[in-house]
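For reference, the structure is listed below as C-alpha cells.
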Amino acid sequence: MPDTIRATSGSLHAHPRRCGFLAAVASALLSITPARADKISLLTLLDPPIAAFASLNHHEVVGLAFMLGILLFAVVTAIVLVRTRARTAETEISARDEIIELKAEVDRINTLLLLEPQIIVAWAAGDDTPEIFGDTAMVTPISAPHRVLAFGTWLDPQQARSMERSVEALRARGEGFSMSLATLSGHPVEAEGRAIGGRAVLRLKDVSGIKRDLAELSGRHQRLLEEVDSLRTLIEALPSPIWARDETGALSFVNVAYARAVDARSPDDAVARGIELLDRPAREELARACATNECYTGRVRAVVAGVRRTFDVRSVPTARGSAGIGIDSTEVETLRAELARMGEAHRRTLDRLATGVAIFGANQKLTFYNTAYRSLWDLDAGFLDQEPSDSAVLDKLRAARKLPEEQDFRQWKSELHEAYRATEPREYMWHLPDGRTLRVVTTLNPEGGVTYLFDDVTERLDLERRFDALIRVQGETLDNLTEAVAVFGSDGRVRLHNPAFARMWKLAPQTLAERPHIEAVTALCQPLHGEDATWQALRAAVTAIDNREPLSGRLERRDGSVIDCATVPLPDGATLVAFHDVTDTVNVERALRERNEALEAADEIKINFVHHVSYELRSPLTNIIGFAHFLDDPATGPLNGRQREYLGYLTTSTNALLAIINNILDLATIDAGAMTLNLGPVDIRQTMDAAVEGIQDRLVTDSLSLDMRVPPDTGSFVADEKRVRQVLFNLLANAVSFSPPGETITLTAERRSDAVVFSVTDHGPGIPQEVKDRVFNWFETHPLGSQHRGTGLGLSLVRSFVELHGGRVALDSDIGRGTTVVCSFPLDQTAERTAA
C-alpha cells in the first residue's frame, strides 16, 4: 500500500492534467454546502473530466480510484456530521424547554410541600441514600439534613427505637405506619410512612391547633395506658395480697396473691364470690377509716391455707372506694425475734471477750460496749450508759492521759473518724502513755456506724520481741559453737546446721543448702568414719518413728580424731544431733590416766618407804632415848655439868625426832585408810587443859599469854580424846610459833546444836591468799617473816584427824591481822560410822 501511494503521488506530479482534474474535483466538493449536498450527483461532478480518464494507465487508475475513495469517505462523513449537528440542535432546544417546564413543576411542588411545616424523606428501591426535603430545623437545630434520620438525637430512646423499627419495616417490606411523636424539647410531631411508586416515603409533619391538642391527648392517653398496664402487671406480680373496693365496700379487684391466699381459682373468681381475706373486725376498722377519708395502717391476723399468719395492712381511700395491701410479716416477726435473741446472745458473747468492743451508731452515739472495753479504759458505767458520742469518749480519755500523745489531736481524731465513711476495715497501733500498746480495728457497720475493737497486744509484742531476740541469740550461739550441731526434720532431711558441722565432716555449704537426707549425709561422711556402728545408730535414731529415745556414743574416725555424739528428740518430730571433738580431751585423759597410775605407784612406793624408814628409825631412836634416860639416872653413875648439858640436848632432839616420826606414821596410816579412832566420851574442858599443858613452857619462853574461853555448860561429846587433844596441841603449837612476843593466843570452845567447835586465834603476820590452799599439805611450811621452822605436818594432821571424825576445818586469815583456825566436830554418829 505505501508503494502504491508513492506511485500514485509520483504519477500525479508527472501529469499536470491529472492534477488539474483532482483539483477541480476537490474544489467542487469543498464548494458543496450542507443544504445542497444531498442534491448534487456524483455523476454530474465527474462528467467534464470523463475524457481525461480514458487516457490513464493501470497504475494511475488505481491511484486515482484510491484518492476518489478517500474523497468519497470524507464527503459522506461530512454529510453525516452536518445532519447530526442539525438534529442535536433541535434536541437541545426541545430539552431546554422541557427542563424549564420541569423546573417550574418542581417549584410548584416545593411550594405545595412547604405550605405546611413538614419534612419528606424518600428512598428509591435498592438505594440507601435518601432524598430529604423540607425544613429540618423543625426537629433538629443542626443544619445537616441527614441528622433527621438520627432519631436518638431528637427523640427519647423509646420513641427513637420505635421509629427505627417502623422505618426498617417500611423500607424492607413496604409496611406503612403512622404515629405521634414528641421531640426532646416537647414539640409534637406526626410521623407517617408509606410506599409510593416503588419508593419508601417518610413524612414528618408539625402538629398544631386541634391536631396538636389531639396528639398531646393521644400521647397522654397512651402513656396513661402504659402506666396502668405497668402498674397492673406489677400488682399482679407482687407476692402480697392487694385488693380494691367500691363505694359499697364490695371487692372490685384482687390480684393473684390475694386469690392464692383465699384459695380461689382466679382473681375474678375471688371477686365474683366476694371471698374475704380479713375477718369482720378488721374489715370494720378499714371501713371506718375509709368513711372518715383516713388511711389505715395496722397489723392484722389472718388465716392463709389453714395457717394463721400476720399481715401489715395498709388501706387508703380512693375516689370510688378504697384500696389496700397486706404484707406478710410473719417471717419478719419471726426473724425480728430471732435477731433479737441472736443480738442478745452476741452481746453476752462479746461481754465475755477479753477484747474491748465498742459499737457506735450512724449518729456516732455509743450503742454497745462490753466489760473488757470499760475495764480497758477504766470508764464509769454511768457515763457509758448515757450513750455518749464518739468525740466525747475520746475527749474524756485524752483528759485522763489515756490516749496516745499526738501533736495535733483534732487532726488525729478527724483521721480516726474517717472510719464512718470508709468501706474497708482499718487498723491502728496505739502506744499509750502508760506503756501499753493497743491494736485498734475500726469496722463499718452494715446499718451505719463503726465498731471499735481494742486488743491489748503489749504482752504479745513483748513476747515477739523476746522471741526474735531469743532466735537471734540462739542463731548466733549455734553458729559460734565449737560443737557441730545439725537438726534433722521428721522427714530425715537436714533442716538446720551450724558452720562447725560442715567443717567437722567436710561438707560443702551448697550441699547442705539442698537439705540432703540422712542417708546422703551418711554416704558423704562415710570416708571419714567407715562402717561405724555408732553412726548407724545415729541414722536409726533420726529416722525412727516410735521409741525415739536419746542416744549418745563415741566415734573414732580414720584421721585419728575422736568425736562424741548425742541425739535429742525434739517435740516437733525433728532430731537434734550434736558432735563434739574430744580428741584433745581423750589424749589428755589418757596422759592423765597414765600419769595418775604413775603417781599412784609412786605414792605407794612413798608410803611403803615412809613406813619402812619410820619403823627403821623408830627402833634405834627408842634405844637412844632409853639409854639417854638410863644415863641420866643417878644409879648409873655421876655426870659432870657439861655431860649433863649434852645429855639434855640429846634428850630434847630425840624427843623432837620421835614426835616427827610419830606424825609421819600417823599421816601414812590415815592416808592408807588404816587409822581407827578410839571413840568415847571426851570432856571438852579437860582436853583443852591437857593440850595447853603441852605448850605451857613455850608460852613462858616466848612471853605469850593464853586466853581460854570455855562456857560452863559445854560438857562432853563422843570422839577420840587422844586425837582431839593432838589436834588442839598442834593448833596451839602453830599459833605459838607465829605469834610475836607479848601477844595473846585465844582458844575457845562452843557447843552448837549439831557440832562442837574449837577455834584458835593468833595475832601473827597472817597467811597470804596464795598460800592458804597449800598450808594443809604434807611438809608445806612457810615462815611468813617469823622464826618458825617446822616440818609442815601439824596442820596436815589437824585436817586429817578432824575429817576422820566427820568434821571440817576452816581457815580465816589475812596479811597483818592474824589467823583463826576453826575445827568443827559433829555431835551425831558420823565420826563413829567413819571410824567403823
So for region 424-433 (the condition being of a type outside the set (Asp, Glu), touching a helix residue (DSSP H, G or I) at 6+ places or on another chain (Cβ under 8 Å) and surrounded by 17 or more Cβ atoms within 10 Å (Cβ to Cβ)), does at least one residue qualify?
no
Does Ala200 count as at pLDDT 85 or above, open to solvent by less than 30 Å² (accessible area, probe 1.4 Å) and small (Gly, Ala, Ser)?
yes
Single condition Pro446 does not satisfy, out of (1) under 14 Å from Ile359 (Cα atoms); (2) open to solvent by less than 90 Å² (accessible area, probe 1.4 Å):
(2)
Name the single residue, out of those in region 451-478 being open to solvent by 100 Å² or more (accessible area, probe 1.4 Å) and within 16 Å of Ala354 (Cβ to Cβ), that is nearest to the chain's Cα centre (by Cα).
Arg460
Could you please find all residues in region 748-779 being out of contact with any helix residue (DSSP H, G or I) (no Cβ under 9 Å at 6 or more places or on another chain), modelled with pLDDT of 80 or more and of a type in the set (Lys, Arg)?
Arg752
Out of curiosity, is Gly249 open to solvent by less than 80 Å² (accessible area, probe 1.4 Å) and closer than 13 Å to Gly324 by Cβ?
yes
Given (1) at pLDDT 85 or above; (2) surrounded by 15 or more Cβ atoms within 10 Å (Cβ to Cβ), identify the lone condition not met by Cys295.
(2)
Name the residues in region 376-432 that are farther than 16 Å from Gly449 by Cβ, among the small types (Gly, Ala, Ser) and over 32 Å from the mean Cα position of the chain (by Cα), would you?
Ala381, Gly382, Ala399, Ala400
So which of Val304, Val262 ends up being over 59 Å from the mean Cα position of the chain (by Cα), open to solvent by less than 60 Å² (accessible area, probe 1.4 Å) and either in contact (Cβ under 8 Å) with a residue 24 or more places away in the chain or closer than 25 Å to Val332 by Cβ (or both)?
Val262
Number of the exception - Val256 against (1) surrounded by 12 or more Cβ atoms within 10 Å (Cβ to Cβ); (2) more than 16 Å from Ala244 (Cα to Cα); (3) not acidic (Asp, Glu):
(2)
Assess whether Thr355 counts as being under 30 Å from Tyr258 (Cβ atoms), open to solvent by less than 90 Å² (accessible area, probe 1.4 Å) and either touching a residue at least 24 places away in the same chain (Cβ under 8 Å) or not aliphatic (A, V, I, L, M) (or both).
no
Single residue of region 529-573 satisfying the filter (of a type in the set (Asp, Glu), closer than 22 Å to Asp584 by Cα and out of contact with any Gly (no Cβ under 8 Å at 6 or more places or on another chain)) that is surrounded by the most Cβ atoms within 10 Å (Cβ to Cβ)
Asp532
Please state which of the following conditions Glu276 fails to meet, knowing it meets all the rest: (1) over 21 Å from Leu231 (Cα atoms); (2) at pLDDT 85 or above; (3) open to solvent by less than 20 Å² (accessible area, probe 1.4 Å).
(3)
Would you pick out the residues in region 113-131 that are over 15 Å from Val189 (Cβ atoms), open to solvent by 80 Å² or more (accessible area, probe 1.4 Å), at pLDDT below 75 and touching a strand residue (DSSP E or B) at 6+ places or on another chain (Cβ under 8 Å)?
Leu114
Complete set of residues in region 711-722 that are open to solvent by less than 30 Å² (accessible area, probe 1.4 Å) and either modelled with pLDDT of 85 or more or closer than 16 Å to Ala690 by Cα (or both):
Phe717, Ala719, Asp720
From Ala282, Ala323, Ala287, grab the single residue that is surrounded by fewer than 17 Cβ atoms within 10 Å (Cβ to Cβ) and either hydroxyl-bearing (Ser, Thr, Tyr) or more than 54 Å from the chain's Cα centre (by Cα) (or both).
Ala287
Check region 479-493 and report whether any residue there is open to solvent by less than 60 Å² (accessible area, probe 1.4 Å), within 21 Å of Leu570 (Cα to Cα), under 28 Å from the mean Cα position of the chain (by Cα) and not aromatic (Phe, Trp, Tyr).
yes
Kindly indicate whether any position in region 464-483 is touching a strand residue (DSSP E or B) at 6+ places or on another chain (Cβ under 9 Å), in a loop (DSSP other than H, G, I, E, B) and of a type in the set (Asp, Glu).
yes
Checked region 814-836 for anything at pLDDT below 80 and surrounded by fewer than 21 Cβ atoms within 10 Å (Cβ to Cβ); matches are Asp814, Ile815, Gly816, Arg817, Asp828, Gln829, Thr830, Glu832, Arg833, Thr834, Ala835, Ala836
Please work out if Arg171 is surrounded by 10 or more Cβ atoms within 10 Å (Cβ to Cβ), in a helix (DSSP H, G or I), of a type in the set (D, E, K, R) and touching a strand residue (DSSP E or B) at 6+ places or on another chain (Cβ under 7 Å).
yes
Only one of Gly186, Gly152, Gly219, Gly134 is within 60 Å of the chain's Cα centre (by Cα) and at pLDDT below 85. Can you tell me which?
Gly152
Applying the selection to region 345-402, what residues are closer than 20 Å to Asp456 by Cα and of a type in the set (Gly, Ala, Ser)?
Ala354, Gly356, Ala358, Ala372, Ser375, Ala400
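The values are calculated or read from the model by the stated rules, or taken from the named source; none is laboratory data. These figures come from a predicted structure and were not determined experimentally. We place every Cβ from the backbone using ideal geometry, glycine too, and count neighbours over all the protein chains shown. These area figures cover heavy atoms from the full protein model, side chains too; ligands, DNA and RNA do not enter into them. Shrake-Rupley method; radii C 1.70, N 1.55, O 1.52, S 1.80 Å.
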